[in-house]
Amino acid sequence: MRNGSRLRAAVFDFDGTLARPALDFPLMKRRVGELAASRLGGPVTPAGLPALEWIEALCGKMLPAEAQAFRRDSHALIEEMEREA
């Protein structure tokens with residue numbers, strides 16, 4: 001609140017249409033890929049998927065317990081990058 005006024009609207013610009021994003025999405029995907037490669041034992045390719053969808057696709061290549069840990073660690077990595085941005 002500023003000067004006693006209330007917030008009347010919030011704009012979320014997830015695709016960078018209105019503002020320049022501070023997040024480095026290619027770096028985010030590289031870091032997720034590095035994490036996945038360490039778990040899967042070899043390089044992985046994002047195949048054009050957004051980061052969160054790619055994480056889920058990679059989880060499909062892992063055993064359930066591994067997928068759960070990878071999902072948790074990947075989301076923590078993304079949240080860290082978001083806080084830094």
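The values are calculated or read from the model by the stated rules, or taken from the named source; none is laboratory data. On a predicted model such as this, the values are computed, not experimentally measured, just so you know. As a convention, Cβ positions derive from the backbone with ideal geometry for all residues, glycine included, and neighbour counts pool all protein chains shown. Heads up: the accessible areas ignore ligands, DNA and RNA and are worked out on the full protein's heavy atoms, side chains in. Shrake-Rupley method; radii C 1.70, N 1.55, O 1.52, S 1.80 Å.
Every helix of 4 or more DSSP H residues in the chain counts as -39500 (n - 2.57), and over all residues that averages to -18000 deg cm²/dmol at 222 nm.
Split the accessible area of the chain by element, probe 1.4 Å, and carbon with sulfur accounts for 55%.
For Kirkwood radius over Cα pairs in Å, the candidate list reads [x] 13.8; [y] 13.4; [z] 14.7; the entry that matches the value derived from this model is [z]. The dipole here belongs to the chain: it is taken about the Cα centre, uses +1 on the Cβ of Lys and Arg and -1 on the Cβ of Asp and Glu, and is about 260 debye.
In loop segments of the range 1-76 as defined by DSSP, the trypsin sites (Lys or Arg not before Pro) with at most 14 further C-beta atoms inside 10 Å of their C-beta are Arg6, Arg8, Lys61. Entry comment: accessible area of the chain is 78 Å² per residue, from protein heavy atoms only and a probe of 1.4 Å.
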